[in-house]
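Colleague: Handing you this structure, nothing more for now.
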Amino acid sequence: ALRILDDCINCDMCEPECPNGAIALGEAIYEIDSAKCTECVGHYDKPQCVRACPIACIAPDPERVEDDAGLLAKYLSLYPQ
Ligand code: SF4
Ligand code: SF4
């Protein structure tokens, strides 16, 4: 999963771009729900929130490193066929 860094300026550019609805405004800044973040696997080649963020403050979460197989499994659990 990705995470939003403290530099976030709450511009709201990323939230509507997430195909999983994983981004929401938290207590101070926008936050990513790691249970819903597939790093866009299953939807897009690249993380759409990273593309949208004007200040590049979205980065891989070192505490939630996931490989493509795990991300695809998360995608399939979010969207049961
Ligand atoms: Fe949503 Fe994709 Fe960003 Fe994860 S990487 S928060 S799934 S837009
Ligand atoms: Fe914060 Fe970047 Fe999202 Fe804007 S696009 S709300 S700066 S994480």
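Read the figures in this text as sums done on the coordinates, not as results from a lab. Just so you know, these numbers come straight off a predicted model, no measurement behind them. Cβ: placed from backbone, ideal geometry, glycine included. Neighbour counts: every protein chain shown.
Colleague: Please rank 11, 57, 18, fewest neighbouring Cβ atoms within 10 Å first, as an exposure proxy.
Modeller: 11, 57, 18
Colleague: If you don't mind, there's one more thing I want to ask. Rounded to the nearest 20 debye, what is the charge dipole size of region 1-72 about its Cα centre when +1 sits on each Lys and Arg Cβ and -1 on each Asp and Glu Cβ?
Modeller: Result for region 1-72 is approximately 160 debye, rounded to the nearest 20.
Colleague: As a check on your grasp of the helix formula, calculate [θ] at 222 nm for the chain: sum -39500 (n - 2.57) over DSSP H runs of n ≥ 4, divide by the residue count, round to the nearest 500.
Modeller: Calculated from helices alone, the mean residue ellipticity at 222 nm is -5500 deg cm²/dmol.
Colleague: How do the peptides 29-36, 62-69 rank, highest first, by the average count of neighbouring beta carbon atoms within 10 Å per residue?
Modeller: For the peptides 29-36, 62-69, the packing ranking is 29-36, 62-69.
Colleague: Based on the alpha-carbon gyration tensor of the chain and its eigenvalue square roots a ≥ b ≥ c, which shape applies: rounded if a/c is under 1.5, prolate if not and a/b is larger than b/c, or oblate?
Modeller: Cα axes put the chain in the prolate bin.
Colleague: What's the extension gain from residue 11 to residue 77 if we count 0.36 nm per residue and subtract their Cα-Cα distance?
Modeller: Separation in residues times 0.36 nm, less the Cα-Cα distance, equals 20.8 nm.
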